[in-house]
Amino acid sequence: MLMLKRKIMQQLIDWKASSKKAMLVTGARQVGKSYAIREFAKREYQSYIEINLYDDKAAAKALLTASDVDEFLSRLSLFTRDAMIPGDTLVFIDEVQEAPDIMTMVKFLVQDGRFDYVFSGSMLGTEFKGVRSYPVGYVTERTMRPMDFEEFCWAIGVREETLESIRQCCKNKQPVDEAVHEAMMRNFRTYLVVGGMPDAVDAFLESGGDLMAVRRVQSDLNRQYRHDISQYAGARSLQVREVFEQIPIQLTDGNGRFSVTAIGENARYSRNQKDFVWLVDAGVALKTDCVAEPKTPLKRTAQSPKFKLYQSDTGMLMARYPVSTAQAAYLDDGNPNLGAIYENVVAQELAAQRIPLYYYMSKKKGEVDFIADTQDDSVMPVEVKSGRSYMVHAAIDALLANPEYRLKEGVVVSRSNVSCRGNVLNLPLYSLWCLADVAGLVAEDDEPERPFTMQIQAV
């Protein structure tokens with residue numbers, strides 16, 4: 001496997017430098033959690049210990065029954081040959097969902113202070129097993145997702161200077177050099193098909209660009225997800241599986257809104273809500289709720305029963321469509337309509353930037369594909385254009401024209417270069433990775449316990 005540069009690496013380095021907490025890295029299977037943590041440990045510590053609770057049931061049982069920190073560390077030493085050096089050892093406990101009660105020991109391990117701890121787990125079924133019932137104030141949590149487009153660009157050799165120049169062009173509302181624009185659009189179309197699962201990216205690079213080799217990897221990963229649903233979803237596995245199977249169908253059917261009745265005659269959102277939550281928490285799906293008003297905070301008017309459901313990785317979604325669809329996306333063929341696939345990759349890029357996913361729908365004003373809260377207490381409508389008619393955006397125009405909403409700007413992402421017409425900013429699809437930065441979007445707070453200090457002024 002090639003060494004793929006991932007953003008989680010810098011997050012781990014920052015955590016080591018500044019945090020006194022343990023780290024919990026969650027995410028879907030096969031997104032590269034274990035590999036990234038392992039590389040971090042090798043680079044940053046003199047010694048590291050790795051225990052996989054799925055593979056080593058004896059270690060899981062031994063650690064679970066430890067009565068205190070000293071006993072925990074003593075038993076831990078039985079399962080490793082490496083010396084445990086106080087102040088320079090990382091203890092990496094992988095697949096923590098297999099023994100989630102281990103997290104109850106975190107407070108005491110952190111207070112002990114001799115070693116650093118990283119826990120990692122795939123969230124398939126773990127919301128109901130208590131992995132996240134850790135003591136508040138002692139754990140920093142990060143969610144790792146498939147490689148975003150910027151990480152994909154790193155993998156295929158796009159220079160960081162080029163990516164930074166694109167960011168600055170978007171911020172300054174200036175066109176990207178036309179040669180760079182064309183090259184990056186080709187790279188983006190490749191990303192549509194390859195996606196961001198490390199194994200798929202590896203297959204793409206090692207095969208010299210053989211997209212059928214990539215597709216085989218993606219199909220295997222989809223089969224693995226189906227198996228994991230059967231294994232971890234318990235009594236709801238059939239319902240969860242049916243929701244998963246419906247994702248590519250529902251995206252291209254009608255307006256893309258998920259029809260709950262499609263998963264069964266008696267299906268209702270109130271009855272099946274946990275099935276959708278399961279897939280989202282597992283990192284398999286991305287749920288985008290409809291909002292009743294384009295006003296901040298968007299969460300206030302979110303209508304959970306009205307939603308779209310995207311797959312967490314564009315490549316794995318693409319592998320579920322006929323080969324001809326993948327070829328059309330890669331070759332920029334206008335047939336078939338690729339609107340749903342383009343929306344899926346936008347959802348993926350926004351999720352990678354921790355932007356909560358919403359869309360707006362009104363019978364009078366039409367539909368806006370995505371809408372997000374902004375840093376200046378407004379909202380930003382975002383429309384996705386898969387075709388070449390990016391100049392037509394009636395829904396965004398209607399929102400911007402309504403003085404009640406007081407919206408400052410809208411964004412259209414398409415094949416076009418950077419341009420600005422009135423209060424509509426046109427951005428190329430390949431710039432999605434920096435959209436939150438360019439548009440000043442509000443990200444979810446990973447650490448709600450973050451200290452907040454109020455300044456008191458004497459009078």
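All but one of (1) assigned to a helix (DSSP H, G or I); (2) surrounded by 15 or more Cβ atoms within 10 Å (Cβ to Cβ); (3) of a type in the set (D, E, K, R) hold for D289; state the number of the condition that does not hold.
Failing condition for D289: (1).
Okay, residues lined up against (1) free of Cβ contacts under 8 Å to residues at least 40 places away in the same chain; (2) over 20 Å from M212 (Cα atoms); (3) of a type outside the set (K, R); (4) touching a Lys or Arg at 6+ places or on another chain (Cβ under 8 Å):
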| site | (1), (2), (3), (4) |
| --- | --- |
| N266 | yes, yes, yes, no |
| N272 | yes, yes, yes, no |
| G283 | no, yes, yes, yes |
| K287 | no, yes, no, yes |
| P294 | no, yes, yes, no |
| S304 | yes, yes, yes, no |
| F307 | no, yes, yes, yes |
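Determine which member of the set T162, T190 is polar (S, T, N, Q), within 21 Å of L4 (Cα to Cα), over 23 Å from the mean Cα position of the chain (by Cα) and part of a helix (DSSP H, G or I).
Working: T190 fails: over 23 Å from the mean Cα position of the chain (by Cα).
Just a single option satisfies the conditions, and that option is T162.
Given the residues F152, F92, which is the only one that is farther than 24 Å from G209 by Cβ and buried (at least 18 other Cβ atoms within 10 Å of the Cβ)? Lay out the reasoning, then the answer.
Working: F152 fails: farther than 24 Å from G209 by Cβ.
Just one listed residue meets the conditions, F92.
Filter the range 62-89 for residues that are polar (S, T, N, Q) and touching a strand residue (DSSP E or B) at 6+ places or on another chain (Cβ under 9 Å); which is surrounded by the fewest Cβ atoms within 10 Å (Cβ to Cβ)?
First, pick out the residues of the range 62-89 that are polar (S, T, N, Q): 65, 67, 74, 77, 80, 89.
Among the residues that remain, those that are also touching a strand residue (DSSP E or B) at 6+ places or on another chain (Cβ under 9 Å) are: 77, 80, 89.
Details: S77: 13, T80: 16, T89: 20.
This residue is S77.
When only residues in the range 36-55 that are over 15 Å from P86 (Cα atoms) and β-branched (V, I, T) count, which is surrounded by the fewest Cβ atoms within 10 Å (Cβ to Cβ)?
Going through the range 36-55, the residues over 15 Å from P86 (Cα atoms) turn out to be 36-40, 42-43, 50-55.
Filter once more, so that each one left must be β-branched (V, I, T): 37, 51.
Values: I37: 24, I51: 21.
The residue in question is I51.
Restricting attention to the range 371-385, and to residues there that are in contact with a Gly (Cβ under 8 Å, 6 or more places away or on another chain) and surrounded by fewer than 20 Cβ atoms within 10 Å (Cβ to Cβ), which single residue is farthest from D281 (Cα to Cα)?
Per the stated criteria, the residue is D376.
Just one of (1) assigned to a helix (DSSP H, G or I); (2) closer than 18 Å to E444 by Cα trips up F276, so point out which.
Among (1) assigned to a helix (DSSP H, G or I); (2) closer than 18 Å to E444 by Cα, the lone unmet condition for F276 is (2).
Given the residues S386, S419, S431, which is the only one that is under 25 Å from the mean Cα position of the chain (by Cα), modelled with pLDDT of 95 or more and assigned by TED's automatic domain parsing to the domain that holds P297? Spell out how you get there, then give the answer.
Numbers: S386 fails: modelled with pLDDT of 95 or more; S419 fails: under 25 Å from the mean Cα position of the chain (by Cα).
Being under 25 Å from the mean Cα position of the chain (by Cα), modelled with pLDDT of 95 or more and assigned by TED's automatic domain parsing to the domain that holds P297 holds for just one of S386, S419, S431, which is S431.
Among the residues of the range 333-362 satisfying the criterion of being part of a strand (DSSP E or B) and among the hydroxyl-bearing types (S, T, Y), which is nearest to the chain's Cα centre (by Cα)? Even if it seems obvious, please write down each step before you answer.
Going through the range 333-362, the residues part of a strand (DSSP E or B) turn out to be 358-362.
If we keep only those that are among the hydroxyl-bearing types (S, T, Y) too, we end up with 358-360, 362.
Numbers: Y358: 15, Y359: 17, Y360: 21, S362: 28 Å.
Across the range 333-362, the extreme among qualifying residues is Y358.
Any chance the range 15-35 includes a residue that's surrounded by 20 or more Cβ atoms within 10 Å (Cβ to Cβ), on the phi > 0 side of the Ramachandran plot and polar (S, T, N, Q)?
Yes: one or more hits.
Are any residues in the range 167-187 buried (at least 21 other Cβ atoms within 10 Å of the Cβ) and within 28 Å of V214 (Cα to Cα), and if so, which ones?
Correct list: M184 only.
So W154 passes all but one of these: (1) under 20 Å from V31 (Cα atoms); (2) touching a helix residue (DSSP H, G or I) at 6+ places or on another chain (Cβ under 7 Å); (3) touching a residue at least 40 places away in the same chain (Cβ under 8 Å). Which condition number does it fail?
Going through (1) under 20 Å from V31 (Cα atoms); (2) touching a helix residue (DSSP H, G or I) at 6+ places or on another chain (Cβ under 7 Å); (3) touching a residue at least 40 places away in the same chain (Cβ under 8 Å) one by one, W154 breaks only (2).
Does the range 85-97 contain any residue that is under 31 Å from the mean Cα position of the chain (by Cα) and small (G, A, S)?
no
Consider only pairs whose beta carbons are under 6 Å apart and that are at least six residues apart or on different chains; among these, list those whose first residue lies in the range 212-231 and is assigned to a helix (DSSP H, G or I) and whose second residue is surrounded by fewer than 15 Cβ atoms within 10 Å (Cβ to Cβ).
A213/S207
Of a type in the set (K, R), surrounded by 16 or more Cβ atoms within 10 Å (Cβ to Cβ), in contact with a strand residue (DSSP E or B) (Cβ under 7 Å, 6 or more places away or on another chain) and on the phi < 0 side of the Ramachandran plot - does that describe any residue in the range 355-370? Reasoning before the result, please.
Initial filter on the range 355-370 (of a type in the set (K, R)): 363-365.
Of the ones still in play, those that are also surrounded by 16 or more Cβ atoms within 10 Å (Cβ to Cβ) are 365.
In the following step, the residues that additionally are in contact with a strand residue (DSSP E or B) (Cβ under 7 Å, 6 or more places away or on another chain) were identified as none.
Checking the range 355-370: not a single residue is of a type in the set (K, R), surrounded by 16 or more Cβ atoms within 10 Å (Cβ to Cβ), in contact with a strand residue (DSSP E or B) (Cβ under 7 Å, 6 or more places away or on another chain) and on the phi < 0 side of the Ramachandran plot.
Of Y321, Y330, which residue is more than 30 Å from R406 (Cα to Cα), assigned to a loop (DSSP other than H, G, I, E, B) and touching a residue at least 40 places away in the same chain (Cβ under 8 Å)?
Values: Y330 fails: assigned to a loop (DSSP other than H, G, I, E, B).
Answer to the check: Y321.
The values are calculated or read from the model by the stated rules, or taken from the named source; none is laboratory data. What you are looking at is a predicted structure, and each value in this text was computed from that prediction instead of being measured. Neighbour counts are summed over all protein chains in view; Cβ atoms, including those assigned to glycine, are modelled from backbone coordinates with ideal geometry.
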